[in-house]
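Accompanying notes for the structure given below.
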Amino acid sequence: MTTRIELRTSPHVVKGTSVERIMFHVVLALLPIATFSVWQYGLSALALIVTVTLACLGGERLFNHLSGQQSTLSDWSATITGLLLALTLPPAFPLWMGAVAGFAAIALGKALFGGIGYNVLNPALVGRAFVQAAFPVAITTWVPAFAPGRFGGFAPTTFTAPLMTPPDLSAWAKSALDGFTGATPLARWKFDNVLATPQDFLSGAVTASAGETSAILILLCGAYLAARKFMDWRIPAAVLGGAALTALLFQMLDPARYPDPLFVLLSGGLMLGAVFMATDMATSPVTPVGVWIYGALIGVVTVMIRYFGGLTEGVMYAILLGNALAPLIDQVTQPRVFGEVKAKSVKAKSVRAKPLKGEKA
Amino acid sequence: MSIPGQKPLSNLEELLEGVWKQNPVFVMVLGMCPTLAVSVSAMNAVSMGLATTFVLLGSTLLVSLLRNVIPKEVRIATYILIIATFVTVVDYLIQAISLAVYDALGAFIQLIVVNCIILGRAEAHASKNPPLKAVLNALGMGVGFTLGLFALGGVREILGAGKLFGISLFGPDFQPWVVMVLPPGGFFVLGAWLLLFNWLNSRKAAPVKPVEGHAHV
C-alpha cells in the first residue's frame with residue numbers, strides 16, 4: 001500500500017465552517033419561530049410553511065438541472081429561503097400563491113443571478129415582493145391568532161384551487177374569533193390611530209404575517225446565531241437602532257401623532273427582517289463601517305415608509321433597497337490597507353493606473 | 001442582413017430572417033418601447049404589430065425604390081419623412097377601423113415613427129437592396145415583430161386577466177396576477193422569452209465549445 005501524500009496550499013488550519021454548516025444552523029434557528037407560528041395560527045400556517053419550502057426546493061432543483069449544476073439542495077439555502085418567505089406571508093395565504101412565491105423567489109431572486117452567493121437581492125424578499133405586486137388583496141388578508149379551532153381545520157382560503165380567487169375570509173374570521181377586525185397593528189395605527197400594547201405583541205395575539213410576531217423568540221434565535229458567529233450582530237443592531245432612533249425623533253416632534261419606538265420595533269416584520277433577512281451574507285456589505293450604514297439605512301427607510309408611504313409596512317422594500325445599495329456601500333467604505341499611503345494628487349493616481357512596461361493589459 | 005462580402009440571401013431566407021434568426025424583439029431587442037408598453041393584451045399587441053408591419057412594408061418599398069435618388073447627406077431625414085407619411089396613414093386607418101384599439105394604443109401609434117426597427121430596416125437593408133428583397137425582408141421583420149408582441153401580450157393577458165383576445169379562459173373565479181399588466185410584468189415576461197430564445201440558440205450552438213486558454217482579461 002502506498003502512502004497518500006496530499007499537497008495543499010495554505011490555509012492549513014481551518015475552522016471547519018462551511019456554507020452548509022452555517023445555513024444548517026440558520027435553519028435550526030428558524031425552526032422555533034416556525035413552530036411558534038404554527039402554534040399561533042394552526043394547520044393553515046403549517047401547510048403554508050411546508051408548501052412554500054417545497055416550492056423553493058423544487059425551484060432550486062429545477063434550475064440546478066437546467067443549468068447543468070450539481071444539486072445544491074444540500075446546502076440548505078433554498079430551505080432557508082422557503083422558511084423565511086413562508087414566515088413573511090399571511091398565515092391563510094392560498095397555498096398555490098405560496099408556491100408561486102417560492103418559485104419566484106428562487107427563479108427571480110437567485111437562479112437568474114447564478115445561484116447561491118451571486119444573488120444581489122434577498123431571494124425570500126424578491127418572492128414576497130412578486131406576490132405582493134401580483135396578488136395585493138390576498139397578501140393583506142389576515143386571520144386571527146389563537147383562534148380556538150385552529151388545529152381542527154384550515155382557513156377557507158388555504159386550499160383555493162390554483163389560479164382561482166380565494167373566497168372572502170371576513171365571515172369565517174369573525175366566527176373563528178370574536179371581535180376580529182382583520183387589520184394589522186400597523187394598519188390600525190395608521191388608519192384608526194389605535195396603538196397595540198407591548199403585551200399584545202409579546203403574547204403574539206396580534207394580526208400579522210405567519211412568523212413576525214414572536215419578537216423575543218426572534219431575538220433569542222438571532223442571539224444564538226450571533227454567538228456562534230454565523231451572523232453579524234451589528235446589522236440587526238444597526239437596523240433596530242436606526243428604526244428606534246428615527247421613531248424617537250418623530251415622537252419627540254409630535255407625540256400625539258407618532259407612536260413610541262417600542263411599538264415601531266415590535267410591530268410588523270421589522271424584527272424578523274432585521275435578524276434574518278438583512279443579515280443575508282451574500283446581500284449585505286462586509287466592511288466594518290459599511291454594515292452600520294447599511295443597517296441604519298434599512299431602519300430609517302422602514303420607518304419613513306411606515307410613516308409617510310402608502311403602505312402600512314416597509315421592511316421588505318427597505319431591505320431590498322439596502323441589498324441593492326450594498327455593493328456601493330462596500331465600495332465607499334473600503335478600509336485603508338495597512339501601510340497604504342494616500343495618493344497625493346489626481347496626477348499621481350493616473351500615473352499609477354497605467355500598466356507598467358511589459359505588464360499585460 | 002446583407003453584409004458586404006457575404007453570400008446574398010435567397011428570397012425565402014430574406015423573408016425568414018426577421019421571423020426567427022434576426023427576430024426584432026427576441027434577437028435584435030429593438031423597438032422595446034412599444035413592445036413593453038402596449039403588450040398588456042393580445043389584441044393590443046397584434047394591432048400594434050400589424051400597424052408596424054404596414055409602416056415597415058410601405059416605407060421599405062419606397063426607400064428601396066428611391067435608394068439611388070436620395071442624397072446620402074439627407075437620407076435619414078428622408079427616411080423619417082417617408083416613415084411619417086405611412087404612420088399618418090395607419091393612424092387614420094386604425095381610427096376608422098376601431099376607436100377602442102386606437103384609444104388603447106394611444107400615443108404609441110404615432111410613436112411608430114421613431115421605432116428603430118423601421119429606421120434600422122430603411123438604413124441597413126432597404127437602401128441597399130432591390131424592392132422585392134427589401135419588401136420580403138420587411139414582411140419577415142413585421143411578422144417577427146407581431147409574433148414577438150403577441151408572445152408577450154398573450155402571456156400577460158392570460159396571467160393578468162385570465163383571458164386571451166378578450167375570451168375568458170378560466171371562468172369568473174380567476175385570480176388576476178396584477179403585476180402582469182403593470183410595467184414590471186412586461187419586463188418579467190420579456191426576460192423570460194429572451195431567456196428561452198437564448199437557451200434554444202445556445203443548445204443549437206452547443207457542439208462548438210469555446211477554446212480554452214484564449215480568455216482575454
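Things to note:
Yes/no per residue for (1) within 16 Å of the chain's Cα centre (by Cα); (2) buried (at least 24 other Cβ atoms within 10 Å of the Cβ); (3) over 17 Å from A:Ile33 (Cβ atoms); (4) not charged (D, E, K, R):
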position: A:Leu66; (1), (2), (3), (4): no, no, yes, yes
position: A:Leu73; (1), (2), (3), (4): no, no, yes, yes
position: A:Leu89; (1), (2), (3), (4): yes, yes, no, yes
position: A:Val100; (1), (2), (3), (4): no, no, yes, yes
position: A:Ile106; (1), (2), (3), (4): yes, yes, yes, yes
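- Selection status of B:Gly154, within 14 Å of chain A (Cβ to nearest Cβ) and either under 30 Å from A:Pro136 (Cα atoms) or modelled with pLDDT of 90 or more (or both): no
- A:Ala124 meets each of the listed conditions (1) within 20 Å of A:Ala161 (Cβ to Cβ); (2) away from chain B (no Cβ under 14 Å) apart from (1).
- Within segment B:172-184, the residues that satisfy the criterion of being at the interface with chain A (Cβ under 8 Å from one of its Cβ atoms) and either more than 16 Å from A:Ala129 (Cα to Cα) or among the small types (Gly, Ala, Ser) (or both) are B:Asp173, B:Phe174, B:Gln175.
- Spans of helices (runs of 4 or more DSSP H) in segment A:33-128 with at least 2 residues under 14 Å from A:Asp280 (Cα atoms): A:77-87
- Flag if A:Phe276 is of a type in the set (Phe, Trp, Tyr) and closer than 30 Å to A:Ile22 by Cβ: yes
- Per-region count, segment A:135-145, residues within 14 Å of A:Leu48 (Cα to Cα) and crowded, with 21+ Cβ neighbours inside 10 Å: 3
- Scanning segment B:161-171 for residues that are under 18 Å from B:Asn44 (Cα atoms) and at the interface with chain A (Cβ under 9 Å from one of its Cβ atoms) yields a total of 1.
- Checklist (1) touching an Asp or Glu at 6+ places or on another chain (Cβ under 7 Å); (2) modelled with pLDDT of 90 or more applied to A:Val50, failing item: (1)
- The residue that is surrounded by the most Cβ atoms within 10 Å (Cβ to Cβ), counting only those in segment B:168-184 that are under 25 Å from the mean Cα position of the chain (by Cα) and without any contact (Cβ under 8 Å) to a residue 40 or more places away in the chain, is B:Val179.
- Unique residue being away from every other protein chain (no Cβ under 12 Å) and loosely packed, with under 14 Cβ neighbours inside 10 Å when the list is A:Pro156, A:Pro185, A:Pro148: A:Pro148
- Any hit, segment A:50-62, residues being under 20 Å from A:Glu313 (Cβ atoms) and either buried (at least 19 other Cβ atoms within 10 Å of the Cβ) or touching a His at 6+ places or on another chain (Cβ under 7 Å) (or both): yes
- The single residue among B:Leu136, B:Leu149, B:Leu111, B:Leu196 that is within 13 Å of another protein chain (Cβ to nearest Cβ), part of a helix (DSSP H, G or I) and under 23 Å from B:Val27 (Cα atoms) turns out to be B:Leu196.
- Residue among B:Leu57, B:Leu30, B:Leu50, B:Leu36 that is part of a loop (DSSP other than H, G, I, E, B) and within 30 Å of B:Val189 (Cα to Cα): B:Leu30
- In the condition set (1) surrounded by fewer than 21 Cβ atoms within 10 Å (Cβ to Cβ); (2) under 25 Å from the mean Cα position of the chain (by Cα); (3) within 14 Å of chain B (Cβ to nearest Cβ), A:Gln132 is compliant with all but (1).
- When restricted to residues that are part of a loop (DSSP other than H, G, I, E, B) and either within 21 Å of A:Leu31 (Cβ to Cβ) or basic (Lys, Arg) (or both), segment A:171-217 contains 8.
- Given (1) without any contact (Cβ under 8 Å) to a residue 24 or more places away in the chain; (2) farther than 17 Å from A:Val100 by Cα; (3) within 13 Å of chain A (Cβ to nearest Cβ), index of the condition B:Phe187 fails: (1)
- Complete set of residues in segment A:206-265 that are over 16 Å from the mean Cα position of the chain (by Cα) and of a type in the set (Asp, Glu): A:Asp254, A:Asp260
The values are calculated or read from the model by the stated rules, or taken from the named source; none is laboratory data. Given the structure is predicted, the values throughout are model-derived calculations rather than measurements. Note that we place each Cβ from the backbone using ideal geometry, even for glycine, and neighbour counts take in every protein chain shown.
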